[in-house]
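Single-structure report; data block below.
The values are calculated or read from the model by the stated rules, or taken from the named source; none is laboratory data. No experiment lies behind these values; they were computed from the predicted model shown. Positions of Cβ are backbone-derived with ideal geometry, glycine not excepted, and every protein chain shown enters the neighbour counts. Surface accessibility is based on the protein's heavy atoms, side chains included, excluding ligands, DNA and RNA. Shrake-Rupley method; radii C 1.70, N 1.55, O 1.52, S 1.80 Å.
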Amino acid sequence: MANTKSAAKRARQAPRRSLRNRSALSRIRTIQKQALASAKPEANQIRAVISAIDKAAKHGGIHRNAANRRKARLNRTLAAAK
């Protein structure tokens, strides 16, 4: 049980935020798998993945540096496939 009002508020907020963050990560993974599953990913699929990553970073779902790392790895993978 929370001892202070601020701790009680944090306890209320945490489940909502973790659900939102989990949803954003799941969305990124799904879109990324779809894009990489095709033999030659289209430009709009790649843009969708990058957009989802940027949105998750903007809203705090993932850290800014983690988002940049994911985008760099995606671009490296696509460059190697070409």
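Which FRET efficiency value, to the nearest 0.05, is calculated for ARG17 and LYS55 with the Förster distance at 22 angstrom and r the Cβ-Cβ distance? Spell out each step's value before the answer.
Working: r = 15 Å, r/R0 = 0.69.
The value I calculate is 0.90.
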Remind me, relative contact order of the chain in percent, using alpha carbon pairs under 8 angstrom and six or more residues apart? 25 percent
How far, in degrees from 0 to 90, does helix 64-81 lean away from the longest principal axis of the Cα atoms of the chain, to the nearest 10? 20 degrees
With a 1.4 Å probe and every protein chain left in place, work out the accessible area per residue of the chain in Å², rounded to a whole number. 78 Å²
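With a 1.4 Å probe and every protein chain kept in, tell me what percent of the accessible surface of the chain is carbon plus sulfur. Before the final figure, lay out the partial values.
Numbers: 3320 of 6390 Å².
Answer for the chain: carbon and sulfur cover 52 percent of the accessible area.
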What whole number of Å gives the distance from the Cα centroid of the range 1-38 to the Cα centroid of the range 61-81? 20 Å
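From the Cα gyration tensor of the chain, with a ≥ b ≥ c the square roots of its eigenvalues, which class applies: rounded if a/c is under 1.5, or else prolate if a/b is larger than b/c, or else oblate? Each step should come with its number before you reach the end.
Numbers: a/c = 4.10, a/b = 2.97, b/c = 1.38.
Prolate, since a/c reaches 1.5 and a/b exceeds b/c.
How much net charge surrounds THR4 when only the other residues with a Cβ under 15 Å from the Cβ of THR4 are counted, with Lys and Arg +1 and Asp and Glu -1? Can you show the working numbers first?
Values: positive: LYS5, LYS9, ARG10, ARG12; negative: none.
So the environment of THR4 carries a net charge of +4.
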Around ARG64, with a cut-off of 14 angstrom between Cβ atoms, what is the net charge of the other residues, counting Lys and Arg +1 and Asp and Glu -1? +4
